[in-house]
Amino acid sequence: MSQVADQAYLNTRVSVMAARLFAPDLIERLPHLPLSALADEFGLVALLDDQAAPAARRRAVEQSLFQLLLSELLVLTHPMNAGERGLVLDWGRKYALYNLKTLIRGKLHDLDRREINDNLFELPAHIRLPDKELFGAENVLELLRQLEAGPQRHIARQAREVYEQQREPFALEAAIDQRYFIGLVRRIQVFGAPHQEWLRRLISAELDRIGLLWLLRFRFTYRLSPSETYYWLVPSMRLLTRERLLHLVDLDGFEQVLEALPEPLGRLTADCRSIAEVQQRLARYSLDEIRLVLARSPSGVARALAYLMLRETDLLRLFAVIQGRLLGFDDQTIQRALAQIEPGVHGS
């Protein structure tokens with residue numbers, strides 16, 4: 001196929017798959033549905049296994065929903081060229097990084113191998129880490145050194161260097177997240193028009209959200225200095241650019257940071273009194289930006305990535321409701337949990 005035909009085919013496929021996204025009325029109904037209705041509506045037979053413990057049912061459903069997302073990701077990459085496929089697979093590799101964090105926590109806390117394994121995602125070969133080999137590492141540093149020989153070497157090297165210097169689990173995970181986002185930014189720089197414009201908008205929606213939350217947490221919860229805080233931030237290509245972040249980290253108060261934000265972030269967060277409130281407002285903003293890319297972009301790869309982000313958020317919503325039901329929470333508690341769902345964030 002020609003490049004034009006490939007784009008047309010990809011855009012058509014994305015449009016067809018977009019019909020699977022949860023409609024607003026379904027999102028409203030979700031927290032009120034019992035387990036039996038959830039099992040019927042979404043084909044989740046594992047929910048009906050009364051002989052299994054709630055934790056086993058939760059795990060089976062989590063893996064089932066994750067495999068659904070991953071299968072759709074692979075379907076969308078089929079008509080893509082190498083650069084497009086590389087970007088989408090890099091986005092999906094965050095699940096390998098969730099596995100990496102699980103392995104690191106297991107090593108740090110000397111957890112049982114079975115307990116660690118129960119919390120790993122099952123990944124295809126082109127995304128997964130060499131989990132079996134990493135299990136055999138004696139400690140965190142050896143684990144990271146082993147990773148430096150593979151495709152995640154940049155993330156592994158920075159994480160190892162940070163851990164050697166600080167021995168702080170927080171810094172280790174921050175280094176992993178930082179390198180992941182830097183990698184995505186570098187991936188989209190090689191795209192031409194119209195792809196780069198829309199990919200920058202899409203990834204920047206995530207970076208603006210995450211950058212502000214990290215800044216607020218590092219400065220006012222963890223009490224890091226301005227320079228320490230700035231070190232961990234990844235500048236956005238739209239709102240929270242390098243220059244703006246340099247200005248914001250020097251401010252001494254939560255309210256001062258919000259007052260100095262560029263629009264529309266300033267308007268969105270104007271009356272927030274806590275990081276939790278900011279988090280909810282930014283999640284809605286980010287989702288609106290992602291929906292806009294899906295609806296208006298002529299770029300097939302940008303629309304495909306937008307679809308996957310929205311689909312992931314829907315499946316996270318569904319999983320949050322199922323988890324709440326298995327734990328016996330009431331509708332109101334589940335609704336509060338749903339309000340905390342953010343694009344691209346997983347509780348692994």
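The values are calculated or read from the model by the stated rules, or taken from the named source; none is laboratory data. Here the structure is a predicted model, which means the values were calculated and not measured. All Cβ positions, even for glycine, are placed from backbone atoms using ideal geometry, and neighbour counts span all protein chains on display. Just the protein is used for accessible areas: all its heavy atoms, side chains included, with ligands, DNA and RNA removed. Shrake-Rupley method; radii C 1.70, N 1.55, O 1.52, S 1.80 Å.
Only protein atoms count toward the accessible area here, which uses a 1.4 Å probe; on the chain, the carbon and sulfur part of that area reaches 51 percent. With the simple model of a label 7 Å out from the Cα in the direction of the Cβ, LEU326 to ARG223 spans 3.8 nm. Computed on the chain, with alpha-carbon pairs under 8 angstrom and 6+ residues apart, the relative contact order is 21 percent.
The heavy atoms of GLU197 present about 120 square angstrom of accessible area, all protein chains included, probe 1.4 Å.
Helical content of the chain, expressed as a calculated mean residue ellipticity at 222 nm, amounts to -21500 deg cm²/dmol (DSSP H runs of 4 or more residues, -39,500 (n - 2.57) each, divided by residue number, nearest 500). Heavy-atom accessible area, probed at 1.4 angstrom with all protein chains present, ranks LEU68, LEU21 as LEU68, LEU21, highest first. Pairs of alpha carbons in the range 111-168 separated by more than 17 Å make up 44% of all such pairs. Could you tell me whether the range 122-235 comes out rounded, prolate or oblate from its Cα gyration tensor? Rule is a ≥ b ≥ c as square roots of the eigenvalues, rounded for a/c under 1.5, then prolate if a/b exceeds b/c, otherwise oblate. The shape class here is oblate. A straight Cα-to-Cα reach below 16 Å connects LYS132 with the lysines LYS101, LYS107, residues fewer than 8 places away in its own chain not being considered. Think of a 1.4 Å ball rolled over the protein heavy atoms: the chain then has 47 Å² of accessible area per residue. The accessible area of ASP40, taken with all protein chains in place and a 1.4 Å probe, comes to roughly 120 Å².
In terms of packing, defined here as the mean over residues of other Cβ atoms within 10 angstrom, the peptides 252-260, 279-287 line up highest first as 279-287, 252-260.
Which of the three applies to the chain, rounded, prolate or oblate, going by the alpha-carbon gyration tensor with a ≥ b ≥ c and a/c under 1.5 meaning rounded?
Rounded, since a/c falls under 1.5.
Looking at the range 1-100, the trypsin sites (Lys or Arg not before Pro) that sit in a DSSP loop and have at most 12 other Cβ atoms within 10 Å of their own Cβ are ARG20. When the inverse distances between all different Cα atoms of the range 66-135 are averaged and flipped, the Kirkwood radius reads 13.1 angstrom. Relative to the Cα centre, what is the charge dipole magnitude of the range 1-99, using +1 at the beta carbon of each Lys and Arg, -1 at the beta carbon of each Asp and Glu, and rounding to the nearest 20 debye? Magnitude of the dipole: close to 280 debye. All distinct Cα pairs of the range 220-299 go into the 1/r average, and the inverse of that average, the Kirkwood radius, is 13.9 Å. In plain terms, the chain from GLU255 to ALA82 could stretch by 57.8 nm, reckoned as 0.36 nm per residue minus the Cα-Cα distance.
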